[in-house]
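Notes to accompany the following structure.
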Amino acid sequence: MEGIDTAGRTEPPATAPVTGSAIPEHISVWAELAALDHTVRHVDVRLSGRSVRTRVLQAGAGPELVLLHGTGGHLEAYARDIAGLAQDFHVTAYDMVGHGWSDLPDLPYTIDVLTEHLVSLLDVLEIERAHLSGESLGGWVAAWFAAHHPERIARLVLNTPGNIANKPEVMARLRDSTLAAVRDPSDSTVRRRVEFLFHHKEMVTDELVNLRRQIYSRPGYIDAVANTLVLQDPEVRRRFAWDSAWVSRVTAPTLLLWTSHDPTGGLDEAHMLLDWLPDAHLHVIDDAGHWPQWEKPEQFLTAHRDWLRRGSPKSPESSESPEGLGRKQS
């Protein structure tokens, strides 16, 4: 029954439906994780004779799955995927050394150093063997890890690993946009850097931009990003550049997760990896840029579940066209 207030006005029923606009699909990082039991903590990881305080998020149960972000990134890059992945896996996402809220030691963050950090982190977390899924720089590190530590990896996902062909113009664009954002972490400059990752730039939220602004404003971050961007120096990059000599040593079954609008590399580069990898499949997510895990989370989750659980890059229910798939020919 309706209530009457002291002024004699009729009050609506307590259960009256809320009207107005629909709740957005994405509200915030916290909302994506709010219903998920998870831990966020820092652990001490040995790296090059020193201890690196490393931020780690873990959730779920099942086979081990480790997620690696890209250049200048942080574990929130996977905020839209962790709850879904945690239904099937014990998920670990972390801030690589020199990134996010992990420590920023003053040394070049080359691929071997980033890989050493990953190996030490797995030791600390007592993860003997895991699936790895890396995006951009994280894919590069994951592939290097798979080539040099094959006994510790089950299956591999290379998510928009980026610039396989080592194109100077792509290196320059990434270097310049990242340096500009760190030297001037204003809304407009950092927003441009984050928008680079997206095909649908309207999906870039104020929260994402401000997370990056906070990270980029950390004391010592200018030096840290310079240590990361050594990989965009052709002379330094040459020692770790994607090349059949080391890529062919990756024996783990590998899913190449590409997109239709990745600004760092097209399908021609995916086919280079298909030629080099002994056991690789290609899956293309349409209508996404460099961050399919954020722009197309359902497709991202489906591809991971199918590949990591069933060894197929495409589920029977998928409506994606065959043109989105490729397979290494024997």
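The values are calculated or read from the model by the stated rules, or taken from the named source; none is laboratory data. Since this is a predicted model, take the numbers as computed values, not measurements. Here the Cβ positions follow ideal geometry from the backbone for every residue, glycine too, while neighbour counts run over all protein chains shown. The protein model used for the area step is the full one, side chains on, heavy atoms only, and it has no ligands, DNA or RNA in it. Shrake-Rupley method; radii C 1.70, N 1.55, O 1.52, S 1.80 Å.
If you go through region 45-93 and pick out every residue that is within 17 Å of residue 215 (Cα to Cα) and hydroxyl-bearing (Ser, Thr, Tyr), you end up with 3. In the set 279, 275, 268, 262, only one residue is open to solvent by 10 Å² or more (accessible area, probe 1.4 Å), in contact with a Gly (Cβ under 7 Å, 6 or more places away or on another chain) and among the acidic types (Asp, Glu); that residue is 262. Note on region 4-43: among residues that are in a strand (DSSP E or B) and either modelled with pLDDT of 90 or more or among the polar types (S, T, N, Q) (or both), the one that is most open to solvent (accessible area, probe 1.4 Å) is 41. Of everything in region 112-122 that is open to solvent by 10 Å² or more (accessible area, probe 1.4 Å) and touching a residue at least 40 places away in the same chain (Cβ under 8 Å), the residue that is farthest from residue 282 (Cα to Cα) is 120.
Filtered by the rule that a residue be open to solvent by less than 10 Å² (accessible area, probe 1.4 Å) and under 14 Å from residue 211 (Cβ atoms), region 94-110 gives 95, 99, 100.
Residue count for region 219-242 under the criterion of being part of a loop (DSSP other than H, G, I, E, B), of a type outside the set (A, V, I, L, M) and open to solvent by less than 50 Å² (accessible area, probe 1.4 Å): the result is 3. Taking into account only those residues within region 125-160 that are touching an Asp or Glu at 6+ places or on another chain (Cβ under 8 Å) and not in a strand (DSSP E or B), which is surrounded by the fewest Cβ atoms within 10 Å (Cβ to Cβ)? Per the stated criteria, the residue is 129.
Please specify each residue of region 95-124 satisfying the condition of being of a type in the set (Gly, Ala, Ser) and not in a loop (DSSP other than H, G, I, E, B).
Here is the first cut: in region 95-124, the residues of a type in the set (Gly, Ala, Ser) are 98, 100, 102, 120.
Selection gives 120 alone.
Taking residue 281 as the residue in question, decide whether it is outside any loop (DSSP other than H, G, I, E, B), closer than 27 Å to residue 308 by Cα, touching a Pro at 6+ places or on another chain (Cβ under 8 Å) and of a type outside the set (A, V, I, L, M, F, W, C). Steps first, please.
Working: outside any loop (DSSP other than H, G, I, E, B): yes; closer than 27 Å to residue 308 by Cα: yes; touching a Pro at 6+ places or on another chain (Cβ under 8 Å): yes; of a type outside the set (A, V, I, L, M, F, W, C): yes.
In short, yes.
Report the residue count in region 74-94 for those that are more than 8 Å from the chain's Cα centre (by Cα) and either in a helix (DSSP H, G or I) or at pLDDT below 95 (or both). Within region 74-94, residues that are more than 8 Å from the chain's Cα centre (by Cα) and either in a helix (DSSP H, G or I) or at pLDDT below 95 (or both) number 5.
For region 175-218, give me each residue that is polar (S, T, N, Q), in a helix (DSSP H, G or I) and open to solvent by 30 Å² or more (accessible area, probe 1.4 Å). Explain how you work it out, then say what you get.
Just the residues of region 175-218 that are polar (S, T, N, Q), to begin with: 177-178, 186, 188-189, 205, 210, 214, 217.
Keeping just the survivors that are in a helix (DSSP H, G or I) gives 177-178, 188-189, 210, 214.
Across region 175-218, the qualifying residues are 177, 188, 210, 214.
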